[in-house]
1. Do we have any residue at all in segment 35-49 that's within 25 Å of the chain's Cα centre (by Cα) and among the hydroxyl-bearing types (Ser, Thr, Tyr)?
2. Tally the residues that are under 16 Å from ASN336 (Cα atoms) and in contact (Cβ under 8 Å) with a residue 60 or more places away in the chain, restricting the search to segment 378-387.
3. Would you confirm whether any residue within segment 121-137 is crowded, with 24+ Cβ neighbours inside 10 Å, in a helix (DSSP H, G or I) and of a type in the set (Ser, Thr, Tyr)?
4. I need the full set of residues from segment 151-178 which are of a type in the set (Gly, Ala, Ser), open to solvent by 10 Å² or more (accessible area, probe 1.4 Å) and out of contact with any Cys (no Cβ under 8 Å at 6 or more places or on another chain), in order please.
5. Going by what's in this entry, would TYR436 be described as among the hydroxyl-bearing types (Ser, Thr, Tyr) and under 27 Å from GLY65 (Cβ atoms)?
6. Please specify each residue of segment 69-111 satisfying the condition of being hydroxyl-bearing (Ser, Thr, Tyr), surrounded by fewer than 16 Cβ atoms within 10 Å (Cβ to Cβ) and not in a helix (DSSP H, G or I).
7. Under 6 Å between Cβ atoms, which residue pairs at least 6 apart in sequence (or on different chains) link something in segment 363-377 that is among the small types (Gly, Ala, Ser) with a partner that is open to solvent by 10 Å² or more (accessible area, probe 1.4 Å)?
8. I'd like the full set of residues that are without any contact (Cβ under 8 Å) to a residue 24 or more places away in the chain and either open to solvent by less than 60 Å² (accessible area, probe 1.4 Å) or out of contact with any Pro (no Cβ under 7 Å at 6 or more places or on another chain) (or both), limited to segment 336-362.
Amino acid sequence: METLIFPLLVILCYICNPCLSIRKYSKEDVIKLREEVREMFQHAYDSYLRYAYPYDELRPLSCDGVDTWGSYSLTLIDALDTLAIMGNHTEFNRVVDIVLEKQNFDTDINVSVFETNIRIIGGLLSAHLLSHKTGLKLEPGWPCNGPLLRLAEDVAQRLIAAFDTTTGMPYGTINLRSGVPPGETSVTCTAGVGTFIIEFGTLSRLTGDPLYEEVAYNALKALYHHRSPIGLLGNHIDVMTGRWTAQDAGIGGGVDSYFEYLVKGAILLEKPELMSMFKEARQVIDKYLKKDDWFVWATMLRGHVTLPVFQSLESYWPGVLTLIGETDTAMRIIHNYHSVWKQYGFTPEVYNLGTGEASTSRESYPLRPELIESIMYLYRETRDPILLQMGEDILRSIQHSARTPCGYATIKDVRDHRKEDRMESFFLAETTKYLYLLFDPDNFIHNPGVHGTVINTPNGACIVDVGGYIFNTEAHPIDPTMLYCCHEARQGINISEVHRIYQILEEEDNIQLMTMIDASLNVSTSKENVGEVASNSTVEISNVTLIEEDEKELEQEELIKTETRTGYVNIDGTEREKTINETTLSDIVKDRINSYYEKTNVKGEQGTRDEEEVKPKKPEEKVDIDDIIVVQKYSGNDNLQLPSTTKAKEAIKILPKVIQDYLNNDWKRKPKCEPQYMLERIRKEKLYPDHPDGDKYELLLTPAPSFLQRISLAGEFLNKKQLEL
């Protein structure tokens with residue numbers, strides 16, 4: 001009897017311990033999985049082109065298309081850089097030509113500021129920076145110039161009016177032609193405020209226009225300033241008053257990419273203060289929200305648990321922890337999340353930790369990428385084969401239950417795998433991309449910094465394509481080193497510190513990096529040397545490729561770029577300037593309303609209004625009734641109450657439609673947003689103090705993976721001035 005017990009125990013150990021039954025993956029196995037992902041992408045991409053283009057998204061059950069986020073062929077733009085990463089350069093170049101020829105964002109439609117930024121601006125910027133790898137003909141001055149870059153900046157110019165608020169935090173919706181829509185709510189989710197620094201920072205570094213980076217950074221400082229006394233942030237905030245309208249704190253939906261952008265923005269733009277903000281937030285998150293390697297929702301004021309649930313969107317968190325080198329913690333969390341996947345075959349939008357079941361009415365899986373994103377990051381750092389097994393589990397589930405003859409469908413209910421007629425653009429932009437990169441260890445994205453390319457720009461020679469790509473929250477990769485090709489580096493760090501900094505990091509990668517730096521300095525000590533070496537087209541020297549391109553010197557513009565549209569039109573639709581003394585019926589009506597409620601004479605001169613807009617409003621100053629968010633005390637003797645925005649809109653609906661249209665056409669007397677004035681006002685007001693850790697660069701030297709951490713720093717060191725030393 002005793003002789004049978006031991007073998008049975010051994011068998012039970014093998015059955016109960018999954019670590020002993022992990023599949024071994026050969027290189028051929030991984031390549032096979034990579035090619036299966038490529039075929040998955042191609043099936044979905046071809047289906048979009050065949051059945052849905054030029055609509056935004058594919059409906060894989062109906063085999064047709066639908067506009068969802070703005071009617072600008074969203075899926076095509078979102079999938080561009082995935083084509084480049086998978087090596088389909090011919091199709092990439094063909095689609096770029098289509099986008100440049102047909103895309104026009106001067107349309108009278110309301111769009112999400114958040115979604116347009118991460119999908120459209122992020123997609124265009126990434127395609128612009130990757131275009132040199134696909135054989136696309138580059139304009140002189142690239143990467144500081146190019147049609148895709150100009151198109152991205154055009155979209156950003158249309159979004160920038162959303163930031164013209166009293167707090168500097170943006171509205172959630174914008175009209176691509178006319179700005180903030182009349183009556184637009186001033187309530188925005190936290191992620192909708194804090195998810196711009198990567199795209200806008202990239203735009204500023206490439207174009208030399210400080211506007212984008214400064215407004216995005218100002219919005220981040222505003223959120224930091226409005227955190228609760230215990231350090232937590234709520235879910236929704238009023239961008240005109242700074243009042244939290246939803247006070248549940250968590251790391252999931254409505255908040256998620258804010259934390260992601262603190263870490264990625266710190267690495268990409270070398271802003272230690274952003275990393276410091278994240279570390280502060282991380283401490284209170286672990287204190288109040290973390291429960292046994294799960295994360296719950298709690299009140300932002302006291303930290304009391306309100307919702308013991310796991311959201312599918314939270315799956316990005318282990319990936320963020322990997323970026324700062326905390327892989328052990330990330331692995332524990334990813335095992336929890338993967339256990340939910342194994343329970344259903346997918347992760348539901350909301351999973352109740354108390355009952356261990358998918359929450360009713362939130363049991364769908366819209367082909368989200370967050371779990372596979374974290375798995376990809378963790379595998380690149382640990383090479384743990386169990387992560388490959390997790391990735392294959394995800395691949396098998398999608399292939400089995402989401403595939404249709406016309407693409408891949410959202411899973412409406414993870415409990416029975418019913419399908420829903422939608423394939424969001426992020427399936428091609430993120431889910432397939434992260435799966436592909438998990439199974440393609442030799443992809444150029446994974447370059448650990450041991451080789452690169454030297455290009456000539458109007459600012460001199462710079463090194464690019466050395467890896468360290470930072471993905472925005474829509475998985476659009478940005479090459480950090482290219483951000484230093486279009487401006488002079490800061491003077492706070494110089495090349496003499498490179499040796500000291502890299503000695504702190506791991507020895508193996510340190511040797512590789514120093515080899516690259518030494519080789520770069522040897523072959524690039526002056527601009528003349530670079531030109532001399534590059535005259536023989538392309539040569540390979542110590543793993544660094546030199547490319548010489550004929551370029552024209554570009555004029556450096558000193559002024560901040562502004563919009564030129566007036567915002568006023570004639571009856572036939574043509575634009576016109578509004579004269580100083582011009583008065584309309586709507587002006588008279590609104591002046592009388594304001595005079596009645598505020599007991600003041602409102603001047604009609606536009607010039608006076610422009611001057612007043614630049615000055616910060618003081619509490620005692622009069623304001624337009626349609627700018628009022630919170631009822632203020634009236635200084636007069638009578639007890640008048642200011643009408644709310646909702647009541648005002650309801651009152652307008654009583655009027656005949658022709659009068660409604662007339663009033664709504666020019667409802668606010670506030671001048672059209674001018675980005676230059678807005679930036680000047682932000683700088684002058686200084687509503688939020690600079691973070692004290694702005695110069696603590698050691699915060700960027702966390703034990704993060706070499707492929708992300710050090711390459712961003714190298715971009716700062718290996719600039720034109722340093723190469724000439």
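1. Yes - at least one qualifying residue is present in segment 35-49.
2. Here the count works out to 2.
3. The first filter runs over segment 121-137 and keeps only residues crowded, with 24+ Cβ neighbours inside 10 Å, leaving 121-131.
This time we only want the ones that are in a helix (DSSP H, G or I), so: 121-131.
Next, only the ones that are of a type in the set (Ser, Thr, Tyr) stay: 126, 131.
So far as segment 121-137 goes, yes, one or more of its residues are crowded, with 24+ Cβ neighbours inside 10 Å, in a helix (DSSP H, G or I) and of a type in the set (Ser, Thr, Tyr).
4. Here is the first cut: in segment 151-178, the residues of a type in the set (Gly, Ala, Ser) are 152, 156, 161-162, 168, 172, 178.
Next cut, open to solvent by 10 Å² or more (accessible area, probe 1.4 Å) only: 161, 172, 178.
Across segment 151-178, the qualifying residue is only SER178.
5. On the way: among the hydroxyl-bearing types (Ser, Thr, Tyr): yes; under 27 Å from GLY65 (Cβ atoms): yes.
Yes: the conditions hold for TYR436.
6. Here is the first cut: in segment 69-111, the residues hydroxyl-bearing (Ser, Thr, Tyr) are 71-73, 75, 82, 90, 107.
Subsequent filtering for residues that are surrounded by fewer than 16 Cβ atoms within 10 Å (Cβ to Cβ) retains 71, 90, 107.
Those that are hydroxyl-bearing (Ser, Thr, Tyr), surrounded by fewer than 16 Cβ atoms within 10 Å (Cβ to Cβ) and not in a helix (DSSP H, G or I): SER71, THR107.
7. SER364/GLU349; SER364/LYS412
8. Looking only at segment 336-362, we keep the residues that are without any contact (Cβ under 8 Å) to a residue 24 or more places away in the chain, and these are 339, 343, 355-357, 360-362.
Across segment 336-362, the qualifying residues are SER339, GLN343, THR355, GLY356, GLU357, THR360, SER361.
The values are calculated or read from the model by the stated rules, or taken from the named source; none is laboratory data. The structure displayed is predicted, hence computed values, not measured ones. Reconstructed Cβ throughout: ideal geometry from the backbone, glycine too, with neighbour counts over all protein chains shown. What goes into the accessible areas is simple: the full protein's heavy atoms, side chains included, and nothing from ligands, DNA or RNA. Shrake-Rupley method; radii C 1.70, N 1.55, O 1.52, S 1.80 Å.
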